Amino acid sequence: MTRIRSCAMHPMTTLEAIKRLYYNARRGSIEHDLARAIDLLKSMTSEEERQRAAVYMDGLSQMRSEWASTPDKRRRTT
């Protein structure tokens, strides 16, 4: 018989979710991460929350721009 643990997990706040996307972003996931962060930003109800998330959103956008303009070393042929 499988027992289900009944521990109350704290749901992640929207800002925490955006932070997690920012810190875990990789070249291969940046498009998906940024799209998800935008969806989360749209769900925020207060301007204060959006202002706190702005720095992470800007960072994700910059990562996408930098990674799009830099060729992936693995794809190079010599």
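The values are calculated or read from the model by the stated rules, or taken from the named source; none is laboratory data. The model shown is predicted, which means the values in this text are computed figures rather than measured ones. Neighbour counts run over all protein chains shown; Cβ positions are idealised from the backbone, glycine included.
Odds and ends about this structure:
- Candidates in the stretch 37-78 are the residues that are farther than 25 Å from residue 12 by Cβ and not in a helix (DSSP H, G or I); of these, the one that is modelled with the lowest pLDDT is 78.
- Residues that are within 29 Å of residue 70 (Cα to Cα) and of a type in the set (S, T, N, Q) were ranked within the stretch 24-60; the one that is surrounded by the most Cβ atoms within 10 Å (Cβ to Cβ) is 29.
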